[in-house]
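Taken together, the values in this text are just the output of simple stated rules run on the coordinates, not laboratory data. Note that the coordinates shown come from a computational prediction; the quantities given were computed from them, not determined experimentally. So basically every Cβ, Gly included, is an ideal-geometry build from the backbone, and we count neighbours across all protein chains shown.
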Amino acid sequence: MSGPEPRKALAAIQIVVLLVLGYAMLNVFSDSRNAEEDGTIVITDTTGEVHAFDAPPDRIVLSNTFGATAMRMLDADMSSVVGVSGDFDDEALWPELVDRPWVQFSAHSEIDFEALLDVRPDVYVVFATNGMVDTAAIRERLAPMGIDVVAFDFYKYDALREEFKQLAIMLDRMDSYEELMQEFDEIEADMAVALEGLEDSERPAVVMEHHASLTRDPVVLTGSSQWDDIIRIAGGTNVFSDLPGHTTHVDMEAILDADPEVMMFDGITFELGFNMDDPKGGCGEHFNLIQSRPGFDSMQAIEEERMLIFSGSFAGPMMIHGLPFIAEQFHPERFDEGTGAALLDSFYADHFAVDRDGTFLCKMTGE
């Protein structure tokens, strides 16, 4: 394009584009200002999706117990939950939800869309970044039905507080949120005092294997996993923190070369946690499996009987409450005996109004 006429035409087009963009930006500003004046609730979930509500939603479907636990911790009105997954089968923990209609078998299973539509939800709460849940596809399917797909994980330490904040805004529970954050602050402050002056050389080298190791060569949790921060704050060092990905395969020789002082295992597939006591003896069977690996019998963690299987609950919304319990396993000399267990007792008493029952940790010694 050359000559004065084409240049004038191009300039005219640019002016029109600028005017359109300016008008659009003015509308966005105006809409945002009006939303604030009208009291609209606006939140951003963990996927970056923005949601706006005229009032706290009163018809919610929960696909997983982590979201429900977070609601409990915010003292939210659970009567707003109109549908759940089959994970809500413990009447002691979920007396008001155990009889709610199922819209899917578990947090990771396919949605029964007919059942979902029958309960007429406004909001469907789903995991945000779980590899077994296709959040984007769910949102694409449900958006035309007028259902807001709100995605939170509640299993990543660095995102936990912000997820609680966004949920609290959505449910109008900011007073409870502030109280909960004070609770978090107090626990973390106590942890800092207990581990004050801890040298790097005093931090046990920890290898944490994913539950996939039950059936395959070792799969370890890396620096981007939900357990990495927990291990570090509890006073340990994740040997494979620098490896890429959330989990990754390693050779058995890599673990032997690291010679960890502690071996931990993600207990999500073991029957551990509230009202569960490893009834099938899975812990002992797993410990035997690890010890039978070539060369592992001479590893520090096994010689010193420091193999640990933690309930998957510790990598959920209660992860901060679980920190002292985990730290006690690394540094028993820095904590009064029973400190961690007492905090777990308080968690269930305060947020679920029940006495804690069940096995939350399997040790190689069987204690």
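Normalising the average separation of contacting C-alpha pairs (under 8 angstrom, six or more residues apart) by the number of residues puts the relative contact order of the chain at 13 percent. Residues considered: 73, 263, 276. Largest GNM mean-square fluctuation over the chain, using C-alpha springs under 10 Å, is found at 276. Note on the stretch 44-178: antiparallel DSSP beta bridges, both residues inside, total approximately 15 percent of the bridges counted.
When the square roots of the Cα gyration tensor eigenvalues are ordered a ≥ b ≥ c, the ratio a/c for the stretch 44-178 is under 1.5, which makes its shape rounded.
Within straight-line reach of residue 280, meaning a Cα separation under 13 Å, sit the following aspartates and glutamates at least 8 residues removed in sequence or on another chain: 271. Each residue of the stretch 271-278 was assigned a 3J(HN,Hα) from its phi angle through the Karplus curve 6.51 cos²θ - 1.76 cosθ + 1.60 (θ = phi - 60°); the sequence is 8, 10, x, 4, 6, 10, 10, 6 Hz, with glycine and proline shown as x.
Do you know the relative contact order of the stretch 313-361, to the nearest whole percent, from alpha carbon pairs under 8 angstrom that are 6+ apart? Before the final figure, lay out the partial values.
On the way: 30 pairs, mean separation 14.3, N = 49.
Answer for the stretch 313-361 is 29 percent.
A simple packing score, the average count of other Cβ atoms within 10 Å per residue, orders the peptides 79-87, 53-61, 108-116, 264-272 as 264-272, 79-87, 53-61, 108-116, with the highest score first. What fraction of the DSSP beta bridges in the chain is antiparallel, stated in percent and rounded to the nearest 5? Taking every DSSP beta bridge within the chain, about 40 percent pair in antiparallel fashion. Each part reduced to its alpha carbon centroid, the stretch 99-141 and the stretch 46-75 end up 13 Å apart. Between 195, 323, 171, the GNM of the chain built on Cα springs shorter than 10 angstrom shows 195 fluctuating the most.
Measuring how big the stretch 198-363 is from its alpha-carbon positions, Rg and Dmax come out at 15.4, 47 Å. How far apart, in nm, are two points set 7 Å out from the Cα along the Cα-to-Cβ line at residue 132 and at residue 339? The two pseudo-label positions are separated by 3.4 nm. Straight Cα distances below 19 angstrom link residue 156 to the aspartates and glutamates 45, 49, 134, 183, 185, 188, 209, 228, 229, 242, 266, with same-chain residues fewer than 8 positions distant left out.
Decide, for the chain, between rounded, prolate and oblate: order the square roots of the alpha carbon gyration tensor eigenvalues as a ≥ b ≥ c, take rounded if a/c falls under 1.5, and otherwise choose prolate if a/b is larger than b/c, else oblate. Because a/c hits 1.5 or more and a/b exceeds b/c, the chain counts as prolate. Using a Gaussian network model of the chain in which every pair of alpha carbons under 10 angstrom is joined by a spring, one finds that among 67, 322, 282 the greatest mean-square fluctuation is at 282. What percent does the relative contact order of the stretch 92-138 come to when contacts are Cα pairs within less than 8 Å and at least six residues apart? Normalised by residue count, the contact order of the stretch 92-138 is 26 percent.
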